[in-house]
Amino acid sequence: MDRCIVLVDAGYLLGAAASLLAGEPSRSRITVDHAALIQGLRERAESDTQQPLLRIYWFDGAPDRVPQPEHRRLRVMPRVTVRLGALTRSDGRWAQKGVDAAMHAELTELARNRACSDVVLVTGDGDLLPGMMAAKEHGVAVHLWAVQAADGDYNQSEDLVAEADERRVLDRAWITKAVRAKEYNGVCAPQPVPRPEIAAILSAPLPDSALAAAAERPAPQPPHPAAGTGQDGTEERLPAAKGVPTPKDLAALRGPGVQPAQHPASATLRWSSDKGWVDRPTAEPPEAASMPTLAQLTTAEQRWADREEDITTVGGDPYEVGQVFARRWVERLGDQTHLQKLSGMYPRIPHRVDGELLRYAARFGLLAHKDDQIDERDRYAIRGGFWKEISVRTGVEHAPVGD
């Protein structure tokens with residue numbers, strides 16, 4: 001039948017794109033516009049094969065074969081079918097299992113049933129060689145597409161290249177129409193700069209209680225000239241003198257000789273922000289503890305609409321994710337005094353809201369391939385997007401989140 005079909009190994013396509021644009025094959029280093037990517041694949045396939053597209057098959061791995069947010073967005077697109085293999089951890093690294101076998105089975109079945117006249121393979125794995133040969137025996141023309149290699153060499157099996165009827169290279173110009181490397185600029189994750197307030201805090205005298213506790217401890221003995229060598233001849237490192245109390249030192253203040261009255265319940269914690277050094281209570285204030293979460297403000301109908309928007313519209317960029325979450329929270333907030341209170345808490349987001357924000361971000365695959373932890377730069381971007389939206393809604397411009 002005079003139609004073309006595209007089989008995409010997503011691990012190869014996006015991994016090679018990350019190597020080309022970001023210098024390493026980690027997919028967490030790139031942002032993908034899946035709608036633009038699918039449209040580009042369709043147009044390129046129809047142009048190269050001179051046949052109308054029947055379908056694009058997207059093969060990828062997922063933990064326990066559970067569709068990730070990008071897979072849910074892809075499978076609702078027209079002419080796209082998602083096939084998932086397993087994503088397992090081996091030697092501390094993630095590896096796809098079953099993707100090559102699924103591609104091989106789909107390729108041979110399509111060729112046997114004469115579902116198409118041309119097949120486009122976007123892959124580099126030589127395990128697909130038997131499937132490619134079987135498809136050719138059934139009269140199907142096989143087009144092999146490669147992603148431009150970062151080092152200018154091949155990133156595909158030579159056997160695949162030799163067996164393909166046609167071969168094309170998706171170069172950097174084509175890739176960047178839908179894929180870009182993540183850039184963490186000063187708005188989301190600024191480089192640390194010297195803070196004069198820190199020097200002032202470190203040079204300040206210790207509290208009387210700390211000095212009293214230090215006086216009760218025996219003074220450190222000066223090191224003996226021969227104390228640096230152990231009995232076995234190895235070098236022994238002596239602990240350095242501490243000019244600033246550590247958390248362990250402060251905890252020792254509760255030891256014998258120190259009365260609990262010296263630690264009032266209203267003790268404060270000094271923490272840095274772009275407003276300078278601010279005294280904050282260790283426990284959240286009542287207005288923060290009573291701040292409603294997005295889940296509390298969302299009806300069942302809104303929850304369904306949110307999921308639909310997440311699948312079809314939200315791209316998954318960390319900064320964008322923070323903005324979307326904040327927009328929904330503000331629009332559904334009945335008591336606007338909470339918004340003013342939140343603005344005054346900048347840059348700290350109440351724990352309940354912040355935890356919900358990060359859990360929402362995890363839906364977009366920001367945890368993928370990172371040992372179930374959101375990258376620190378992504379956390380900066382998520383919260384930066386959140387505060388940017390709050391600034392727009394309140395008219396109060398907040399300085400970039402940089403701590």
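Could you please find all residues in segment 325-352 being assigned to a helix (DSSP H, G or I), modelled with pLDDT of 90 or more and in contact with a helix residue (DSSP H, G or I) (Cβ under 8 Å, 6 or more places away or on another chain)?
Residues satisfying the conditions are 325, 326, 327, 328, 329, 330.
For the subset of segment 376-392 comprising residues that are charged (D, E, K, R) and farther than 16 Å from residue 340 by Cβ, which member is farthest from the chain's Cα centre (by Cα)?
Looking at the filtered set, the residue picked out is 388.
Quick one: count up the residues across segment 148-169 that are closer than 30 Å to residue 137 by Cβ and free of Cβ contacts under 8 Å to residues at least 60 places away in the same chain.
So the count comes out to 13.
Are there any pairs with C-beta distances below 7 angstrom linking a residue in segment 298-321 that is modelled with pLDDT under 90 to a residue that is surrounded by fewer than 16 Cβ atoms within 10 Å (Cβ to Cβ) and part of a helix (DSSP H, G or I), with the two at least 6 apart or on different chains, and if so which?
Filtered contacts from segment 298-321: 311/72.
Enumerate the pairs (first residue in segment 342-358 and under 14 Å from residue 323 (Cα atoms); second residue anywhere and hydroxyl-bearing (Ser, Thr, Tyr)) with beta-carbon separation below 7 Å, excluding pairs fewer than 6 apart on the same chain, so at least 6 apart or on different chains.
If the second residue must be hydroxyl-bearing (Ser, Thr, Tyr), the pairs left are 353/293; 356/293.
Scanning segment 286-296 for residues that are assigned to a helix (DSSP H, G or I) and out of contact with any Asp or Glu (no Cβ under 9 Å at 6 or more places or on another chain), which turns out modelled with the lowest pLDDT?
Restricting to residues being assigned to a helix (DSSP H, G or I) and out of contact with any Asp or Glu (no Cβ under 9 Å at 6 or more places or on another chain), the top hit is 287.
Let me spell it out: the conditions are (1) farther than 28 Å from residue 67 by Cα; (2) modelled with pLDDT of 90 or more; (3) crowded, with 18+ Cβ neighbours inside 10 Å, and residue 137 meets all of them except one. Which number is the exception?
(3)
Yes or no, residue by residue, for (1) touching a residue at least 60 places away in the same chain (Cβ under 8 Å); (2) β-branched (Val, Ile, Thr); (3) out of contact with any helix residue (DSSP H, G or I) (no Cβ under 9 Å at 6 or more places or on another chain):
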| residue | (1), (2), (3) |
| --- | --- |
| 5 | yes, yes, no |
| 11 | yes, no, no |
| 15 | no, no, no |
| 30 | yes, yes, no |
| 67 | no, no, no |
| 79 | no, no, no |
| 94 | yes, no, no |
| 105 | no, no, no |
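Pick from 99, 82, 120: which is surrounded by 14 or more Cβ atoms within 10 Å (Cβ to Cβ) and either in contact with a Pro (Cβ under 8 Å, 6 or more places away or on another chain) or not assigned by TED's automatic domain parsing to the domain that holds residue 170 (or both)? Steps first, please.
Numbers: 99 fails: either in contact with a Pro (Cβ under 8 Å, 6 or more places away or on another chain) or not assigned by TED's automatic domain parsing to the domain that holds residue 170 (or both); 120 fails: either in contact with a Pro (Cβ under 8 Å, 6 or more places away or on another chain) or not assigned by TED's automatic domain parsing to the domain that holds residue 170 (or both).
After ruling out the rest, the residue left standing is 82.
The values are calculated or read from the model by the stated rules, or taken from the named source; none is laboratory data. From a predicted model like this one, the values you see are computed outputs, not experimental measurements. Backbone-built Cβ (ideal geometry, glycine too); neighbour counts: all protein chains shown.
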